[in-house]
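Every number in this text was worked out from the coordinates using simple rules, so none of it is lab data. As the structure is a computational prediction, the values presented were derived from the model and not from experiment. No Cβ is skipped: glycine too gets one built from the backbone with ideal geometry, and neighbour counts run over all protein chains shown.
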Amino acid sequence: MDDLLRLDDRLTADQRLIRDTVKSFVSDRVLPHVGDWFEEATFPARELAPVLGSLGVLGMHLEGYGCAGTDAVSYGVACRELEAGDSGLRSFVSVQGSLAMFPIWRYGSDEQKQEWLPRMAAGEAIGCFGLTEPDHGSDPANMRTYAKKDGSDWILNGAKMWITNGSIADVAVVWAQTDEGIRGFVVPTSTPGFSAPEIHKKLSLRASVTSSLYFDDLRLPASAALPGVTGLKGPLSCLSEARYGIVWGVVGAARACLEAAVDYAKTRVQFDKPIGAFQLTQEKLAWMYVGAAQAQLTALHLGELKDAGHLEPRQISFGKLANVRAALDIARQARSILGGNGITLEYPVIRHMNNLESVLTYEGTQEIHTLVLGEALTGLAAYR
Ligand code: FAD
């Protein structure tokens, strides 16, 4: 499909190279199989992680420790191309780089960084991020998971829910209440007292592992705590990194749906004409393109703000709210254009559509990001 507005002309040569490299990985290694992974509810993480590591996309925007150290727009472009494959694939990369590696990189000790970051960048070790709990999702400040001091050790008790990569992870970054406030802990998943059963029966993000985490008198040395941060700003800063990736990623899912719909509209004949020749179909396609292009412009603008060091959380809320909504609308329109074929995994559309329902909810629901914007506009907080 034509890049009508030539938006990718604004990318540098290096950014275009990253785009093309990730795109060809997705087209060779992901697209031929992802419908089956979705149907079978599997994600071949151990097989793909080293390949993603060699592509340089794990912890891509971090400096040192084997990470690629790219600019934010490059990281965004990679997320876009990964999510054009599947939101589960982009989620894997987001969680690894932005939610598990970023807190170690930003707040960890030298020892924690040396131990985990090079292996995670190479895809030899997989990470997860445990913030959400069964009874505390949108309000993580009320979390119940507790780490109590026992001499110099910590004893961790509690439960997390909806944790991407949980049961395949080698290391979990777990956020817990302590007597000093919320702290982060780097928890090797082989530690006695750790368990991570997988959550089944999902109809969204099926090509992604989602788990609960349980901590049962799990003993950690003093060195397991992240020394650089106390309070909710720790996990929230990680979420800002990952949400930025979502702002770009969903543009890829939207593009994949639009491309599928355009192809289908040009070849599916009804009433002796391709359905793309009907004005009602063209109206749908035109608005889908408008939505996708506006989402791309938003992503690019936020990327440029991030590279200039000016990106604020409320601007990321704008991007997550606007772009996920746009992508979901585009996926639903595409599904209608494909008619009956729109409900099968022979085409990518319903897979993206169902995935985007999770993307709408995780990393701050659309309601929470709406309230962030509401507060930004009025100065009045309406969360409680
Ligand atoms: P709730 O917070 O219970 O919200 C339910 C509804 O109430 C929502 O519509 C919400 O917007 C609304 N609501 C809540 N509060 C308000 C309010 N003040 N005003 C108006 N409406 C409100 N978490 C992690 O920590 N790590 C992960 O790796 C991770 N991966 C995930 C993967 C998947 C597939 C999914 C589905 C979730 C994942 N999550 C993860 C959890 C995710 O971030 C939470 O589901 C999300 O924050 C919402 O929490 P909740 O599901 O408890 O919903």
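Kirkwood-type hydrodynamic radius, region 308-384: 14.0 Å, calculated from all non-identical alpha-carbon pairs. A Förster radius of 56 Å, combined with the Cβ-Cβ distance separating T12 from D217, puts the computed FRET efficiency at roughly 0.60. Annotation: the antiparallel percentage among DSSP beta bridges lying fully within the chain is about 85. Would you mind checking the tilt of helix 13-25 against the longest principal axis of the Cα atoms of the chain, expressed as 0 to 90 degrees and rounded to 10? Helix 13-25 sits at roughly 90 degrees to that axis. Only aspartates and glutamates eight or more places from K284 in sequence, or on another chain, were considered; those with a Cα closer than 19 Å are D2, D3, E259, D263, D329.
Note: relative contact order over region 215-369, using C-alpha pairs below 8 Å and six or more positions apart, is 29 percent. Peptides 144-152, 96-104, 365-373, 317-325 ranked from most to least packed by the mean count of surrounding Cβ atoms within 10 Å: 96-104, 317-325, 365-373, 144-152. Summary of packing: across the peptides 259-271, 111-123, the per-residue average of other C-beta atoms within 10 Å ranks them, highest first, as 111-123, 259-271.
Note the direction-averaged projected area, equal to a quarter of the hull surface, for the Cα convex hull of the chain, in nm².
On the way: hull surface 75.9 nm².
Across all orientations, the chain yields a mean hull projection of 19.0 nm².
Projecting label points 7 angstrom from Cα along Cα→Cβ for E124 and H136 puts them 3.6 nm apart.
For the chain, averaging the sequence separation of C-alpha pairs within contact (under 8 Å, six or more residues apart) and dividing by the residue count gives a relative contact order of 17 percent. For a straight C-alpha distance cut-off of 20 angstrom, the aspartates and glutamates reachable from K306 (same-chain residues fewer than eight places away being disregarded) are D8, D9, D14, E63, D71, E81, E241, E363. The order of the peptides 377-384, 338-345 by mean Cβ neighbours within 10 Å, most packed first, is 338-345, 377-384. With both labels modelled 7 Å from their Cα along Cα-to-Cβ, the L5 to T230 distance reads 4.7 nm.
For region 143-256, the number of Lys pairs separated by eight or more positions or lying on different chains, with C-alpha atoms closer than 28 Å, is 7. Among the GluC sites (Glu not before Pro) in region 277-351, those placed in a DSSP loop whose Cβ has at most 16 other Cβ atoms within 10 Å are E346. Over the chain, DSSP H runs of length four or greater, each weighted -39,500 (n - 2.57), average out per residue to a 222 nm ellipticity of -16000 deg cm²/dmol.
Residues I199, I246, I182, arranged from fewest to most other Cβ atoms within 10 angstrom of their Cβ, appear as I199, I182, I246.
Shape of region 7-122 from the C-alpha gyration tensor: oblate (a/c of 1.5 or more and a/b not above b/c, with a ≥ b ≥ c the square roots of its eigenvalues). Helix 110-121 and the longest principal axis of the Cα set of the chain meet at an angle near 30°.
Ordering L226, L31 from the fewest to the most neighbouring beta carbons within 10 Å gives L31, L226.
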